[in-house]
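Take a look at the structure set out below.
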Amino acid sequence: MIGFYAFLVLEKILMILPRRVRRAIFIALGKLAYLLSKRYKKVVRDNLKFVYGENVDEAFVERTTKYSFKLLLLNFLHTMEGRYYSVDEITKKVTFENEEVLKKAQEQKRPIIIVTGHYGAWELAGSMVSAKLEPLMIVYKHMKNRYFEEYLLSSRAQWKMSYVERHGATRAMVKQLRSGKGMAILIDTNVNKKEALSVDFLNHPTSQIKTTAYLARKFNAALIPALIHTKDDENYVIRFSEEIIPPKTDDEAHDILVSTQMQTKWLSDEILKEPEPWFWLHRRFKQDYPEIYA
């Protein structure tokens, strides 16, 4: 508790500083984390070797690892600034691309499931979509420190978001979609095999959540993929891809499997096209391939 209040004091000091200075501090912290964290540098290397092979280019590994730490700190910075800046202030540096896909589903009065991943400034992306285009429900993982959990949730209060903790979230998600409202789900998190389907992700059979496929089928929700992109980590584009339209036959289990694979193929293609912004610090494959992190 004392540590949390000390953090709040530090936050206020940081927010007094000019934004460029504050941003430079967080980037420097990312560089420091890169230098000090042997454990997570190994996680990035393990993931890259698993996806690209043992002979993955060392320059690529180093560049991606450094950027992973930088992204982690910038995502935290966006969370912090979200507690102080207005929506209009933040959206000056954010634009949307192909949002007509979203608007089409809204005109059809269909519930919307934003399919996304830990890619780039994902914290900023969720906030901006919810505030400007479609109020979203977000599923989050319970934190051990309730003070920091309340901090993170309160930082998004002005973005028209609602929240539900991951364990026991199904009832709230059903209620959200039944009322015609939207949600965003990160589909690239590590998942328990018992709750998943095995599909191809980054060229490897991987356990993958089937929640999005099941709910979209049940409530005729639009599965709309979206990721946030940047060239300078200052100005951002939230890009919507075309709606994923899976088959709907009498074989529900097969249709859900196909839908899940379509979602993972989209995300895999996006990551392989531009790999550095993905969150390589996450032990994504530990359920299926624990040996790679040994």
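The values are calculated or read from the model by the stated rules, or taken from the named source; none is laboratory data. Predicted model only: the values in this text are computed from it and were never measured. Ideal geometry is used to build each Cβ from the backbone, glycine not excepted, and the neighbour counts take in all protein chains shown.
Can you name every one of the helices (runs of 4 or more DSSP H) wholly within segment 52-123 that holds 3 or more residues which are under 18 Å from the mean Cα position of the chain (by Cα)?
58-81
Within segment 124-155, count every residue that is assigned to a loop (DSSP other than H, G, I, E, B) and crowded, with 18+ Cβ neighbours inside 10 Å.
If we filter segment 124-155 for residues that are assigned to a loop (DSSP other than H, G, I, E, B), which is where we start, we get 133-135, 141-145, 155.
Next cut, crowded, with 18+ Cβ neighbours inside 10 Å only: 133-134, 155.
Summing the residues that are assigned to a loop (DSSP other than H, G, I, E, B) and crowded, with 18+ Cβ neighbours inside 10 Å in segment 124-155 gives 3.
Go through segment 112-166 residue by residue and tally those that are farther than 18 Å from Asn75 by Cβ and of a type in the set (Val, Ile, Thr).
4
Pairs needed: first member in segment 44-55, outside the structural domain of Asn203 (by TED's automatic domain parsing); second member anywhere, small (Gly, Ala, Ser) and in a helix (DSSP H, G or I); C-beta distance under 6 Å; at least 6 residues apart or different chains.
Val44/Ser68
What's the total number of residues in segment 232-269 that are closer than 21 Å to Val129 by Cβ, in contact with a helix residue (DSSP H, G or I) (Cβ under 7 Å, 6 or more places away or on another chain) and not aromatic (Phe, Trp, Tyr)?
9
State whether one or more residues within segment 195-204 are within 22 Å of Gly126 (Cβ to Cβ), in contact with a strand residue (DSSP E or B) (Cβ under 6 Å, 6 or more places away or on another chain) and either among the aliphatic types (A, V, I, L, M) or at pLDDT below 95 (or both).
The answer is no; no qualifying residue exists.
Which ones in segment 159-203 are in contact (Cβ under 8 Å) with a residue 12 or more places away in the chain, of a type in the set (D, E, K, R) and under 21 Å from Leu102 (Cα atoms)?
Answer for segment 159-203, where residues must be in contact (Cβ under 8 Å) with a residue 12 or more places away in the chain, of a type in the set (D, E, K, R) and under 21 Å from Leu102 (Cα atoms): Lys160, Arg178, Lys181.
Mind listing whichever residues of segment 269-283 are within 12 Å of Thr189 (Cβ to Cβ) and within 13 Å of the chain's Cα centre (by Cα)?
Across segment 269-283, the qualifying residues are Phe279, His282.
Sort through Thr95, Thr91, Thr116, Thr64 and tell me the only one that's among the hydroxyl-bearing types (Ser, Thr, Tyr), farther than 24 Å from Ser37 by Cα and crowded, with 18+ Cβ neighbours inside 10 Å.
Thr116
Looking only at residues in segment 228-245 that are surrounded by fewer than 18 Cβ atoms within 10 Å (Cβ to Cβ) and of a type in the set (A, V, I, L, M, F, W, C), which one is farthest from the chain's Cα centre (by Cα)?
Filtering segment 228-245 for residues that are surrounded by fewer than 18 Cβ atoms within 10 Å (Cβ to Cβ) and of a type in the set (A, V, I, L, M, F, W, C), the one farthest from the chain's Cα centre (by Cα) comes out as Ile245.
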